[in-house]
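Data block below; observations after.
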Amino acid sequence: DTGVSQDPRHKITKRGQNVTFRCDPISEHNRLYWYRQTLGQGPEFLTYFQNEAQLEKSRLLSDRFSAERPKGSFSTLEIQRTEQGDSAMYLCASSPYGTNTEAFFGQGTRLTVV
Amino acid sequence: AQSVTQLGSHVSVSEGALVLLRCNYSSSVPPYLFWYVQYPNQGLQLLLKYTSAATLVKGINGFEAEFKKSETSFHLTKPSAHMSDAAEYFCAVTFKAAGNKLTFGGGTRVLVKP
């Protein structure tokens, strides 16, 4: 298994455009998480899925953000009408079901909104 | 609600010297605690985790951390710093009913001087 994979690694977009990121978790993991990390800060939780069900969304996830995990496999995070404040690293992680199990992180997608 | 405070956003150590990174948490329920390391433009890699078993936890690359409930702390140490330890380190907390959603501290960047 190659770990958590994120695509693209880098994205530069103009303000107002829509962007979509993809995350492929470790295949046997049924939990998938999205975090956002701005420069010099720790990652902040955005949302998570257990299989295909989105179980929790942070208040950080405005209505311009939407995440899906069809069929409980890969996940997409879409940002509509991007703003400069959306510039950040978007991290995806996956873990098996269970308490205190390790979350494995992808390398992230760095978004720059110009 | 949980929170994590990492004292010192930057730490500079000499090669061969002790590395000490401080983490204090706040949680109304028994916590599970983690230390992650992040190299530039990379995702996060787990160093070690506390899951209510032994209070002294050993991790990868010679790191260890001690859970002290009375001090609500989970400080990370390494007896002898190596140049390859230069990175950013994040302390994180979760708890049993949180679905392994992590709350991170702000991070500590470690610089190792030759």
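Brief remarks on what is shown
- The range B:81-111 versus the range A:27-95: alpha-carbon centroid distance in Å: 19
- Solvent-free Debye scattering, log10 I(q)/I(0), computed from the Cα coordinates of chain B at q = 0.13, 0.14, 0.21 Å⁻¹: -0.45, -0.52, -1.14
- Residue-averaged beta-carbon neighbours from other chains (10 angstrom radius) around A:103-114: 3
- Among the residues of B:102-109, the average count of other protein chain beta-carbon atoms within 10 Å of the residue beta-carbon is 4.
- The share of alpha-carbon pairs in the range A:18-78 lying farther apart than 17 Å comes to 38%.
- Per residue, the convex hull volume that the Cα atoms of the protein assembly as shown enclose (Å³): 121
- Across chain A the C-alpha pair distances fall into 10 Å bins from zero in the proportions 15, 50, 29, 5, 0 percent.
- Greater than 18 Å apart at Cα, pairs in B:Lys78/B:Lys113; A:Lys57/B:Lys101; A:Lys57/B:Lys49; A:Lys11/A:Lys57: A:Lys57/B:Lys49; A:Lys11/A:Lys57
- Shielding value for B:32-43 is 4, the average number of Cβ atoms from other chains within 10 Å of each residue's Cβ.
- Buried accessible surface for the A/B chain pair comes to about 1900 Å², total over both chains, computed with a 1.4 Å probe.
- Accessible surface, per residue, of chain B when the full set of protein chains is kept, probe 1.4 Å, Å²: 46
The values are calculated or read from the model by the stated rules, or taken from the named source; none is laboratory data. From a predicted model like this one, the values you see are computed outputs, not experimental measurements. Counting neighbours? That spans all protein chains shown, and the Cβs are built from the backbone with ideal geometry, glycine included. Areas reflect the complete protein model, heavy atoms only, side chains present, ligands, DNA and RNA absent. Shrake-Rupley method; radii C 1.70, N 1.55, O 1.52, S 1.80 Å.
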